[in-house]
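**Student:** Structure incoming, see below.
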Amino acid sequence: MSYSARNTKSIPMKDAFESFLKVYNLKSKFNETYLVAYWEKIMGASIANRTEKIYIKSGVLFIRLNSAPLSQELLLAKTKLIQLLNSEIGEQVINDVVFI
């Protein structure tokens, strides 16, 4: 008679974490938080230093910059910016970017 109901197969930590996020519907929130936390790594120090506020709500990235020329430049490259951020995550997280 066996009392062990545990699954004895081991899986990589990454797969276990992905499964956890999926089961509790936390994947999209985790991805949004990742993008905000790693903004400097993704966009570079020069853009990150000019970023005053950044947050994501319902698939829309809101960015406040302290540089009007940079804001205009990123606005012109909005599609490329969305593609870059989504490719960093590996799935469609950002649908639009709004400069505030």
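**Student:** Report the Cα centroid-to-centroid distance between segment 58-100 and segment 39-55 in angstrom, as an integer.
**Tutor:** 11 Å
**Student:** Under 8 Å for C-alpha pairs, at least 6 residues apart: give me the relative contact order for segment 13-99, rounded to a whole percent.
**Tutor:** Values: 77 pairs, mean separation 23.3, N = 87.
Taking the mean separation of contacting Cα pairs over the length of segment 13-99, I get 27 percent.
**Student:** Quickly rank 75-84, 34-43 as a protection proxy: mean count of other C-beta atoms within 10 Å, highest first. Could the numbers behind the result be given before it?
**Tutor:** Working: 75-84: 13.0, 34-43: 14.9.
With the highest mean Cβ count within 10 Å placed first, the list reads 34-43, 75-84.
**Student:** Using the alpha-carbon atoms, what tilt in degrees (0 to 90, nearest 10) does helix 27-37 show relative to the longest principal axis of the chain?
**Tutor:** For 27-37 against the chain, the angle is about 50 degrees.
**Student:** Excluding residues fewer than 8 places away in the same chain, name every one of the lysines whose C-alpha is closer than 30 Å to that of residue 80.
**Tutor:** Straight-distance partners of residue 80: 14, 22, 27, 29, 41, 53, 57.
**Student:** Scan (i) 36, 11, 11; (ii) 38, 12, 11; (iii) 24, 16, 11 for the value of semi-axes √(5λ) of the Cα gyration tensor in Å calculated from this model and give just the label.
**Tutor:** Label (ii) holds the value from this structure.
**Student:** Here's something else I'd like to know. Angle, helix 78-89 long axis vs. longest principal axis of the chain, Cα atoms, 0 to 90°, nearest 10?
**Tutor:** That helix lies at roughly 20 degrees to the long axis.
**Student:** Distance in nm between label sites at residue 73 and residue 30, each 7 Å beyond Cα in the beta-carbon direction?
**Tutor:** That separation, rounded to one decimal, is 3.5 nm.
**Student:** Same structure again: May I ask you to derive the FRET efficiency for residue 52 and residue 96 from their Cβ-Cβ distance with R0 = 22 Å, giving the value to the nearest 0.05? Write out the running numbers ahead of the final one.
**Tutor:** Details: r = 19 Å, r/R0 = 0.88.
Efficiency, rounded to the nearest 0.05: 0.70.
**Student:** Here's another thing I want to ask about it. By how many degrees, 0 to 90 and rounded to 10, does the Cα axis of helix 13-23 deviate from the longest principal axis of the chain?
**Tutor:** 80 degrees
**Student:** I need the phi-derived Karplus couplings for segment 44-60: 6.51 cos²θ - 1.76 cosθ + 1.60, θ = phi - 60°, integer Hz, Gly and Pro marked x.
**Tutor:** Taking θ as phi minus 60°, the curve returns x, 5, 5, 6, 4, 5, 9, 8, 8, 8, 8, 7, 10, 9, 6, x, 10 Hz for segment 44-60.
Values quoted throughout were computed directly from the atomic coordinates according to the rules given, and no laboratory measurement underlies them. Because the structure is predicted, anything quoted here is derived from the model rather than measured. Virtual Cβ from ideal backbone geometry, glycine too; neighbours counted across all protein chains shown.
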